[in-house]
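Worksheet for the structure shown next.
The values are calculated or read from the model by the stated rules, or taken from the named source; none is laboratory data. Predicted model, so just to flag it, every value in this text is computed and none were measured. Don't worry about glycine lacking a Cβ; one is built from the backbone with ideal geometry, like all the others, and counts go over all protein chains shown. Note: areas computed on protein heavy atoms with side chains; ligands, DNA, RNA excluded. Shrake-Rupley method; radii C 1.70, N 1.55, O 1.52, S 1.80 Å.
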Amino acid sequence: MAGRPPGAPPQTTATRPGAAPAPEPVTARLRKKLRRVRRRLRTAGVDYFRGGAADWPVLCALALLVPLLILLNIWFPDWAPPTSLVLPILAGALLLRPGSLVVLYALAALGLSAESVIHTGQRVASDNPEAYLYGVTPGAALVVGAAGVGGLLLAQFRARVGVPWWGGSTMLFDLRERLRVQSRVPALPAGWHADMALRPAGGQSFSGDFVVAARTGPGRRLLEVVLADVSGKGMDAGSRALLLSGAFGGLVGSLPAHDFLPAANGYLLRQSWEEGFATAVHLVLDLDTGEYELLSAGHLPGMQRLAGAGRWEVKEAEGPLLGIYDGAKFEGVRGRLNRGDVLLLCTDGMVEAPGRDLTEGMDRLMGEADRLVPGGDRGAGAGAAAALIETVARDINDDRAVLLLWRD
């Protein structure tokens, strides 16, 4: 071809300069449009379930469900009674804002009135009005109205909280999981072991007892553990425990060991809670030498099993409750974990019971621990903390927490 350099590819319609590109096949264009629609629907769904989008699509869907249920009630009254209008009302209570919910309720009220008028007309037009069994009874109207009132109260509560119902559940689940992760004792060097168990009162998900643990110091050769017990139990103390666990987690390792409890005490005093006190025990353990120090704020003593002597020793530090008064002083007690020794820390739910002395509860706990912790008759390790709770305080209606540390 004249004017084309040797070896150059032949110019076609697609490659000739200035030529229009070849049109895309119809199927390719359809696939692109479907992808765009799918992406927009997915984005809209994510925004809605995060509570950041308008709820009019849900309102439209539920508004269309109302006349459908009315028609079903007229055509198949045995299968779709008037109380079936409760379904869109309950769905709206969970998915709609209060303003949109009122619109849905107005439609449901109109639908209920329409059902009543139509069934009344059918009863009058029937050959035997006394045998006509269908219609809107006062009881059905009361059921739909009660569901509407309850749904509106629920929607107003959600609006005050500021999160949708699924968002609130997700947030609580995330908080609970974060608390559990923070409660885990970090991986320890060879020869060291830890086992921790926590049981909230009444089988609930949140507890007033919590643990904060971290490796600190030069080379992360110190283990710091805080076992705290917030006043109250279960859900009543759970919200305060969540707040305190975050604050304590930020303080551990950021302050010298003797400054932690005074800082925690000042933090509680600044909260001005009606039930603002808590107990806590702060353990600082040297993972190289086994030497440790316990500092306590009105908490139960630590208990150490001496492998060489075959007995338990109580390690009681002195200090007032957290959140009672400013300027509190906390005196520590020192000890050393040798090979085969076990250190047991727990909250009062493990040893307190009506009609039982605290010392008696501690004696029973140490006696059962002899069978379950390493060095005892059974030599169990992992799971010993949970077994202690099940054995000693299974039926106690209080938060219970146990931490075991031992050295091979």
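Scan segment 201-221 residue by residue and report those that are open to solvent by 10 Å² or more (accessible area, probe 1.4 Å), hydrophobic (A, V, I, L, M, F, W, C) and either touching an Asp or Glu at 6+ places or on another chain (Cβ under 6 Å) or modelled with pLDDT under 90 (or both).
PHE206, ALA214
Okay, residues lined up against (1) at pLDDT below 90; (2) in contact with a strand residue (DSSP E or B) (Cβ under 9 Å, 6 or more places away or on another chain); (3) within 12 Å of GLY151 (Cβ to Cβ); (4) buried (at least 20 other Cβ atoms within 10 Å of the Cβ):
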{"position": "LEU85", "(1), (2), (3), (4)": "no, no, yes, yes"}
{"position": "GLY92", "(1), (2), (3), (4)": "yes, no, yes, yes"}
{"position": "GLY99", "(1), (2), (3), (4)": "yes, no, no, no"}
{"position": "LEU104", "(1), (2), (3), (4)": "no, no, yes, yes"}
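Would segment 233-242 turn up any residue that is part of a helix (DSSP H, G or I), open to solvent by 50 Å² or more (accessible area, probe 1.4 Å), among the charged types (D, E, K, R) and closer than 30 Å to ALA387 by Cβ?
So far as segment 233-242 goes, yes, one or more of its residues are part of a helix (DSSP H, G or I), open to solvent by 50 Å² or more (accessible area, probe 1.4 Å), among the charged types (D, E, K, R) and closer than 30 Å to ALA387 by Cβ.
Restrict the check to segment 351-358 and report whether at least one residue is among the acidic types (Asp, Glu), out of contact with any strand residue (DSSP E or B) (no Cβ under 6 Å at 6 or more places or on another chain) and over 25 Å from ALA241 (Cα atoms).
The answer is yes, given that some residue of segment 351-358 is among the acidic types (Asp, Glu), out of contact with any strand residue (DSSP E or B) (no Cβ under 6 Å at 6 or more places or on another chain) and over 25 Å from ALA241 (Cα atoms).
In segment 173-193, what residues are aromatic (Phe, Trp, Tyr) and at pLDDT below 90?
Selection gives PHE173 alone.
Report, by residue number, each residue of segment 325-347 that is among the basic types (Lys, Arg) and part of a strand (DSSP E or B).
ARG334, ARG336
For every residue, the table says whether it meets (1) modelled with pLDDT under 65; (2) aromatic (Phe, Trp, Tyr).
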| residue | (1), (2) |
| --- | --- |
| PRO17 | yes, no |
| PHE49 | yes, yes |
| ALA61 | no, no |
| ASP78 | no, no |
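From LEU337, LEU365, grab the single residue that is modelled with pLDDT of 90 or more, under 35 Å from the mean Cα position of the chain (by Cα) and among the aliphatic types (A, V, I, L, M).
So the residue among LEU337, LEU365 that is modelled with pLDDT of 90 or more, under 35 Å from the mean Cα position of the chain (by Cα) and among the aliphatic types (A, V, I, L, M) is LEU365.
Condition first: in contact (Cβ under 8 Å) with a residue 24 or more places away in the chain, of a type in the set (Asp, Glu) and over 20 Å from SER254 (Cβ atoms). Now tell me which residues in segment 276-333 satisfy that.
Those that are in contact (Cβ under 8 Å) with a residue 24 or more places away in the chain, of a type in the set (Asp, Glu) and over 20 Å from SER254 (Cβ atoms): ASP288, GLU291, ASP326, GLU331.
Check whether at least one residue in segment 348-366 is in contact (Cβ under 8 Å) with a residue 24 or more places away in the chain, part of a loop (DSSP other than H, G, I, E, B), open to solvent by less than 70 Å² (accessible area, probe 1.4 Å) and not aliphatic (A, V, I, L, M), and report yes or no.
no
Hey, ARG123 hits all of (1) over 23 Å from PHE157 (Cβ atoms); (2) at pLDDT 90 or above but one; which does it fall short on?
(2)
Does segment 235-247 contain at least one residue that is under 21 Å from LEU344 (Cα atoms) and within 19 Å of the chain's Cα centre (by Cα)?
Yes, because at least one residue in segment 235-247 is under 21 Å from LEU344 (Cα atoms) and within 19 Å of the chain's Cα centre (by Cα).
Quick check on ALA263: is it open to solvent by 20 Å² or more (accessible area, probe 1.4 Å), out of contact with any Phe, Trp or Tyr (no Cβ under 9 Å at 6 or more places or on another chain) and either in a helix (DSSP H, G or I) or of a type in the set (Lys, Arg) (or both)?
Details: open to solvent by 20 Å² or more (accessible area, probe 1.4 Å): yes; out of contact with any Phe, Trp or Tyr (no Cβ under 9 Å at 6 or more places or on another chain): yes; either in a helix (DSSP H, G or I) or of a type in the set (Lys, Arg) (or both): yes.
Considered against the rule, which asks whether it is open to solvent by 20 Å² or more (accessible area, probe 1.4 Å), out of contact with any Phe, Trp or Tyr (no Cβ under 9 Å at 6 or more places or on another chain) and either in a helix (DSSP H, G or I) or of a type in the set (Lys, Arg) (or both), ALA263 comes out as yes.
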